[in-house]
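Inspection log for the structure reproduced underneath, given as structure tokens.
The values are calculated or read from the model by the stated rules, or taken from the named source; none is laboratory data. The model shown is predicted, which means the values in this text are computed figures rather than measured ones. Positions of Cβ are generated from backbone atoms using ideal geometry, with glycine treated the same way; all protein chains shown enter the neighbour counts. Just so you know, the surface numbers come from the protein's heavy atoms only, side chains and all, with ligands and any DNA or RNA stripped out. Shrake-Rupley method; radii C 1.70, N 1.55, O 1.52, S 1.80 Å.
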Amino acid sequence: MADLVRLTRPAPPQDYGERLRIFATPGQRAGVLAVCVGLTVFSMTASSFWISTLVFALIASIAVSGLNLLTGFSGQISLGHAFFVGLGAYTAVYLGGEHGLPFLVWLPAAGLVCAVTSLLISPFALRLRGLYLAVATLALVFLGQHLFLNLPGITGGAQGASVPQPSIGPLSFSETTQIGALELTPDRKWFLLAGVVLVLVLLAITNHVRSGFGRALMAVRDHDTAAEILGVDVARTKLTVFALSSFYTGIAGALLGSYLRVITPEFWDLFLSVEYIAMLIVGGMGTVMGSVLGAFTFTIVPRVIERLGPQVPFIEAGIAAEGLTVSRLNVLLYGLFIMLVLVFEPKGLVALWGRAKRWVVSWPYRF
Amino acid sequence: MRAETSLTLDLPEPQQLSVDDLHLSFKAVRALNGVSLTVHPDQLVAVIGPNGAGKTSLLNCISGVYRPQHGSVRFGGHDLLGQRPHGVAQLGIARTFQNLALFTGMSTLDNVLLGCHQRVRAGPVSSALFRGRTRRDELQAHGVAEEIIEFLDLQAHRKAVVADLPYGVQKRIELGRALALQPRLLMLDEPVAGMNREEVEDMARYVLDLRLEFGLPVLMIEHNMRFVMDLADHIVVLDFGQPIADGPPAQVAADPKVVEAYLGESHGSVDAAPGATPAHHSSTDDER
Ligand SMILES: Nc1ncnc2c1ncn2[C@@H]1O[C@H](COP(=O)(O)OP(=O)(O)OP(=O)(O)O)[C@@H](O)[C@H]1O
Ligand SMILES: [Mg+2]
């Protein structure tokens with residue numbers, strides 16, 4: 001009897017390699033590819049305002065992806081990531097500006113400096129969990145601001161520092177190159193650069209999370225006692241993911257600093273940390289694509305409002321305006337948006353997207 | 001009849017577990033008061049006793065979750081006291097929990113794969129590239145997990161999220177996850193608690209298969225007397241943290257002290273009713 005039942009069951013897949021593919025379906029791969037191509041074509045035709053918006057979105061995606069590894073996949077809340085972004089930027093200033101090292105050295109070095117710094121901090125930070133960790137990492141932001149302000153030798157203090165521009169071999173990112181009919185402005189080069197770095201980071205993170213390392217992260221997040229019992233060294237895993245997360249965030253910081261050209265200490269403040277957390281939550285924690293969705297949404301929407309601002313009634317212009325200005329409206333919408341997502345789709349935009357896809361696929365049936 | 005088992009795990013050499021004179025107290029509560037027992041490599045040893053007798057605390061001491069104040073725990077040539085739980089796991093001791101400790105948001109497959117953790121390369125740098133050994137280990141882990149899933153008849157639940165599965169299935173998944181460690185010793189904390197008769201029989205067969213085919217030594221806590229009497233080679237009875245009897249099943253069942261400890265709460269001799277569960281079943285103990 002049992003044998004009969006056994007016969008009717010689908011045989012287990014023998015080629016487990018199939019399970020290890022990055023994209024579950026060819027359609028998924030095609031979709032991602034289409035988005036990449038679409039954005040690239042757009043960036044080669046759009047005005048510099050929109051290209052720079054995209055560059056900021058790409059860089060934020062890298063930072064939020066790094067944060068996601070720590071907060072989304074292994075469940076440790078960090079409010080300190082603004083510090084690591086800043087540290088990455090100042091590493092670029094120090095190594096690329098002061099010591100004149102090439103871009104391909106200072107970019108990964110920014111990540112490494114952040115990783116090492118986080119390892120130095122972690123004996124204190126990783127004893128803490130949940131909100132305590134959040135508060136401890138919050139302290140990191142203030143410590144960072146103090147240091148950035150009071151080490152003018154490296155950071156330029158309150159006057160700010162200028163950050164080196166990338167150049168790879170003969171390719172310089174501060175001037176325009178003409179390739180046939182295509183005018184590669186610095187902004188367009190920046191789009192390609194940030195895009196390539198983001199794709200590499202997303203590939204690495206996808207690989208992290210589909211391997212034993214990623215499973216261990218999620219195990220620590222979901223049930224640390226059970227993880228330990230299976231042989232997962234919880235303390236070591238937390239340490240590693242903290243460093244790794246800081247690594248990616250530091251790289252984003254170096255890019256962000258360089259794209260901004262001049263940076264001052266107050267830029268790396270608590271609001272930046274909160275912004276990254278908001279992007280993460282709204283996009284969808286613990287999913288690779290959620291970080292990107294969140295970062296794009298929160299970068300692009302304010303710029304759209306900024307553009308449309310003058311056409312909207314009640315909006316006043318000028319610094320002395322007392323009513324609703326574009327930036328005030330932005331903050332308002334920001335908060336409203338976070339609340340709406342948390343109330344209606346706590347799993348973030350990614351889940352919304354998944355639902356929309358199921359709805360389209362199963363149309364005209366509804367469930 | 002189940003089809004013959006297809007499990008071809010190569011389990012490492014079993015080891016002997018020796019617990020000697022263990023004392024553990026939480027402030028006023030004496031959870032363990034001089035407990036000693038030995039699990040020989042070819043044995044299934046059952047620990048029984050009323051609620052709050054200290055059975056789970058004993059497993060927690062062995063697996064490094066609790067730190068006893070006095071006593072010794074040795075496994076093969078290793079001293080287990082002072083080891084962190086992951087260290088104990090790495091020495092080849094796998095366990096399940098009384099109240100389940102599954103990753104409920106993950107699939108059955110991922111839970112079992114996590115059991116393979118020690119055998120996969122899991123560094124951040126190697127995993128970033130997902131090539132060479134990382135990939136090979138991952139494929140191998142899928143092979144092992146798949147065998148276990150088949151052995152425990154979990155194929156239908158492979159992709160299902162654990163939280164959505166019935167309790168009996170979750171118990172089986174937890175056994176599967178423990179087996180994925182390819183252990184030298186398996187510890188089960190109430191493997192059939194809350195199960196219906198059919199599920200209990202299935203579980204008994206899985207445990208028997210494991211014993212017969214792989215000679216896997218087992219240390220098991222269970223309230224279901226029928227289950228214990230059928231499977232155990234040796235029984236240790238705890239009452240208020242104190243060992244009150246110790247011997248082969250027939251001898252323990254006839255022991256007047258044991259009968260008395262059980263009679264205090266339920267009537268009838270120990271091996272009378274199948275599935276008799278004395279003073280069942282608070283879940284006050286917090287395993288975390
Ligand atoms: N972490 C803890 N903190 C305080 N007291 C504890 C703790 N763990 C166990 N105890 C106490 O130790 C005693 C033994 O508990 P234990 O969980 O080992 O019993 P048990 O034999 O497993 O019981 P059951 O059959 O109900 O599972 C109980 O009195 C319990 O309250
Ligand atoms: Mg117990």
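Points to keep in mind about this one:
- Residue match in the range B:177-191 (condition: at pLDDT 95 or above, part of a loop (DSSP other than H, G, I, E, B) and over 24 Å from residue A:233 (Cβ atoms)): yes
- Residues in the range B:43-61 that are within 14 Å of chain A (Cβ to nearest Cβ) and near ligand 2 (Cβ under 10 Å from one of its atoms): B:56, B:59, B:60.
- Among the residues making up the range B:200-215, those that are open to solvent by 60 Å² or more (accessible area, probe 1.4 Å) and modelled with pLDDT under 90 are B:212, B:213.
- For the range B:137-160, filtered to residues that are open to solvent by less than 10 Å² (accessible area, probe 1.4 Å) and in contact (Cβ under 8 Å) with a residue 40 or more places away in the chain, the residue that is nearest to the other protein chains (Cβ to nearest Cβ) is B:149.
- Residue tally, condition modelled with pLDDT under 95 and of a type outside the set (Gly, Ala, Ser), over the range B:22-31: 4
- For the range B:171-199, a residue qualifies if it is surrounded by fewer than 19 Cβ atoms within 10 Å (Cβ to Cβ) and away from ligand 2 (no atom under 16 Å from the Cβ), and the qualifying residues are B:196, B:197, B:198, B:199.
- Some residue of the range B:62-82 being within 14 Å of chain A (Cβ to nearest Cβ), open to solvent by less than 10 Å² (accessible area, probe 1.4 Å) and more than 16 Å from ligand 1 (Cβ to nearest atom): yes
- Residue B:105 being among the small types (Gly, Ala, Ser) and more than 8 Å from every other protein chain (Cβ to nearest Cβ): no
- Index of the failed condition, residue B:55 passing every other in (1) within 13 Å of ligand 1 (Cβ to nearest atom); (2) basic (Lys, Arg); (3) open to solvent by 50 Å² or more (accessible area, probe 1.4 Å): (3)
- Residue that is surrounded by fewer than 19 Cβ atoms within 10 Å (Cβ to Cβ) and within 21 Å of the chain's Cα centre (by Cα), where the choices are A:139, A:134, A:82, A:115: A:134
- Residues satisfying the stated conditions in the range B:101-129, i.e. under 23 Å from residue A:248 (Cα atoms) and buried (at least 19 other Cβ atoms within 10 Å of the Cβ): B:122, B:124, B:126, B:127, B:128
- Restricting B:98, B:90 to those that are surrounded by fewer than 22 Cβ atoms within 10 Å (Cβ to Cβ), within 16 Å of ligand 2 (Cβ to nearest atom), touching a residue at least 12 places away in the same chain (Cβ under 8 Å) and closer than 21 Å to residue B:176 by Cβ reduces the list to B:98.
- Of the set (1) more than 7 Å from chain A (Cβ to nearest Cβ); (2) out of contact with any Gly (no Cβ under 8 Å at 6 or more places or on another chain); (3) over 25 Å from residue B:191 (Cβ atoms), all apply to residue B:126 but (2).
- Qualifying helices (runs of 4 or more DSSP H) (wholly inside the range A:172-279; at least 3 residues being among the small types (Gly, Ala, Ser)): A:186-210, A:212-222, A:234-260
- The residue list B:250, B:245 contains one member that is open to solvent by 70 Å² or more (accessible area, probe 1.4 Å), modelled with pLDDT of 90 or more and of a type in the set (A, V, I, L, M), which is B:250.
For every residue, the table says whether it meets (1) within 16 Å of ligand 1 (Cβ to nearest atom); (2) of a type in the set (A, V, I, L, M); (3) without any contact (Cβ under 8 Å) to a residue 40 or more places away in the chain.
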residue	(1), (2), (3)
B:170	no, no, no
B:173	no, yes, no
B:178	no, yes, no
B:186	no, yes, no
B:192	yes, yes, yes
B:195	yes, yes, yes
B:203	no, yes, yes
B:222	yes, no, no
B:230	no, no, yes
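- Residue within the range B:219-227 that is touching a Phe, Trp or Tyr at 6+ places or on another chain (Cβ under 8 Å) and assigned to a helix (DSSP H, G or I) present: no
- From the options B:218, B:228, B:236, residue that is out of contact with any helix residue (DSSP H, G or I) (no Cβ under 6 Å at 6 or more places or on another chain), β-branched (Val, Ile, Thr), surrounded by 18 or more Cβ atoms within 10 Å (Cβ to Cβ) and within 17 Å of residue B:21 (Cα to Cα): B:236
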